[in-house]
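Input: a single structure, listed below in structure tokens.
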Amino acid sequence: MARRFLASPEIGAIVGATVIAVFFSFIDPDTYPTITGAARILDPASTLGIMAVAVGLLMIGGEFDLSAGVMTGSTGLVVGLLATEVGMNVWFAIALSFVFAMAIGFINGYMVLLTKLPSFIVTLATFFILRGINVGVTRHFTGQVRVSNIDGVAGFEASRDFFNTEFTFMDTTFRTAIIWWIIIAVVATWILLRTHYGSWIFAVGGDVEAARGVGVPVNRVKIALFMTTAGAAWLVGVMTSLRLRSALSSQGIGQEFVYIIAAVIGGCRLTGGYGSVIGASIGALIFGMTRVGITFAGWDTDWFYTFLGIMLLVAVLLNNFTQKQASQVHAPLSRLDDEEDVSGE
């Protein structure tokens, strides 16, 4: 039983989250372990968690998407430019932004399969293309790198209430992005662990040729995973632009690495075929806990990414350990199956 527990991909993230929670609760016992502290932690963790879930699924499927960060900016800019420059209702702008995101996700997946290049190369190209378009198009229409006054367009208030507003719990303000995060994590976990499609994701990430050999629709699965990541980026981009009432061309740049780190901390293997959506969500929670904890402790926030890099290294080491435990758990079962086959003969 203990070995099975240690073999779970989430164990490293659970241990890390517990240690960080105890540590910062000791440093700042008056604020950190309170409902106010929880609200502060869940605010950045929620949008990161949405992306970590999608990126985690993609990594389990054996691929990377380095355009995920800039996509959150691109989709927000599409909404902002259509609303302010074209005069389109915000709801229609959001719908067209979704179509744009799905198209980019499809192109990413299709190009990876067509060229057979590593996905990090293909999506790195997408990253630079979108980054240039974001700046060039925004500057062309607005004369600056920011789209403002989205809140002055029809449909803004209703769409903001739907995608990213606030609610009160125990006299503390939370953002509805937390609810989106929980729903997405639950649905993704159910798909990954309780459906044939989830088995296909593990299969294509573990061994593509073997997956093809047993009839898994590899191409469809991989393209769908890239489109899922793009869809998550669209949701986060829309949430952010509606929350800030504006969109910035540099939004999301560099965040793709944070998404990957959250997934790796949560137990997703860099080589694919292994991981957990719940673990990726805990990885995002660790991000929020650390960022807020450093702020509450009054430390220099410039050291945050150093701490994040250390966590990544520790997570990889823990993942290697859990994978060894998992192989030891499954090995006796495999030997038992072999013995049964022999005895059956």
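The values are calculated or read from the model by the stated rules, or taken from the named source; none is laboratory data. Please read these numbers as outputs of a predicted model, since none were measured by experiment. Don't worry about glycine lacking a Cβ; one is built from the backbone with ideal geometry, like all the others, and counts go over all protein chains shown. Ligands, DNA and RNA are stripped out before the accessible areas are found, and what is left, the full protein with its side chains, is counted by its heavy atoms. Shrake-Rupley method; radii C 1.70, N 1.55, O 1.52, S 1.80 Å.
Observations
- In this structure Ile133 has an accessible area near 90 Å², from a 1.4 Å probe over the protein heavy atoms.
- Spatial separation of Cα centroids for the range 28-57 and the range 159-203, in angstrom: 13 Å
- Angstrom value of the Kirkwood radius, inverse mean 1/r, which spans all Cα pairs in the range 171-328: 17.7 Å
- Accessible area per residue in Å² at 1.4 Å probe, computed on the chain: 47 Å²
- Between the range 234-279 and the range 96-119, the Cα center-to-center distance that results, in Å: 17 Å
- Here each label is just a point 7 Å from Cα along the line to Cβ, and for Trp91 and Val19 those points are 5.0 nm apart.
- As computed over the range 105-202, the Cα convex hull volume per residue (Å³): 189 Å³
- Protein heavy-atom surface of the chain, 1.4 angstrom probe: 67% of the accessible area is carbon and sulfur, with nucleic acids and ligands not counted.
- Chain lengthening between Phe128 and Thr36 when straightened (0.36 nm per residue, less Cα-Cα): 29.2 nm
- Annotation: Arg245 carries an accessible surface of approximately 80 Å², with a 1.4 Å probe and no ligand, DNA or RNA atoms counted.
- 31 Å tail of the calculated P(r), the chain, as % of Cα pairs: 37 percent
- Gain upon complete extension [Ser199, Leu270; 0.36 nm per residue less C-alpha separation]: 23.8 nm
- Solvent-accessible surface ranking, highest first, for Thr31, Thr271, Thr173 at 1.4 angstrom: Thr271, Thr173, Thr31
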